[in-house]
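Below is one structure, written out as structure tokens; comments come after it.
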Amino acid sequence: MDEIEEMLQLIERELANGKRPLFGAGVTVDSEAVYSAVERIRAAVPQAVREARIVLRDSEKRMEAESGRAREIIRKAEERADEILSEHQIVARAEKEAALIRRQAESYAEKVRADAYNELMNMLVKADESLSGSLDLVRQAIKKIGGQ
């Protein structure tokens with residue numbers, strides 16, 4: 001993203017340092033420098049998108065790992081409940097304990113999913129804002145270069 005900002009600053013410098021024509025509005029700029037900056041911005045934007053995809057993939061992996069952990073907790077709780085059920089006098093207590101462990105595991109899994117979702121959404125919103133800002137600057141530069 002720093003590279004995008006550098007390219008936008010280059011475009012701004014070109015516009016600021018451009019020569020005013022004798023007649024009409026706008027400025028004359030080094031079009032090769034501006035086109036080069038625009039191409040570099042285009043090349044950098046997909047990198048930001050790739051980074052966002054990596055963040056998304058990492059979040060999904062983490063959610064899956066935490067869900068696996070929750071499933072393992074549930075499995076162990078069910079195994080323990082089965083062992084306890086073999087003793088007739090404490091069947092009711094075992095069922096109650098297993099249900100509590102299951103609820104705790106499900107609650108933990110839901111919290112992990114919600115935290116990962118919130119973190120991912122925050123990152124994506126920041127990426128969207130950054131890309132939108134960059135796009136606005138590029139559009140403004142295009143308008144200025146075009147004399148509009």
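Read-outs throughout are calculated quantities, based only on the coordinates presented, and are distinct from any laboratory measurement. Treat the numbers as computed from the prediction; the structure is a model and nothing was measured. Note that we place each Cβ from the backbone using ideal geometry, even for glycine, and neighbour counts take in every protein chain shown.
Structural remarks
- Output for region 123-148, where each listed residue is of a type in the set (S, T, N, Q), exposed (fewer than 11 other Cβ atoms within 10 Å of the Cβ) and within 20 Å of the chain's Cα centre (by Cα): 132
- Boolean, residue 51 is surrounded by 12 or more Cβ atoms within 10 Å (Cβ to Cβ) and either in a helix (DSSP H, G or I) or in contact with a Leu (Cβ under 7 Å, 6 or more places away or on another chain) (or both): yes
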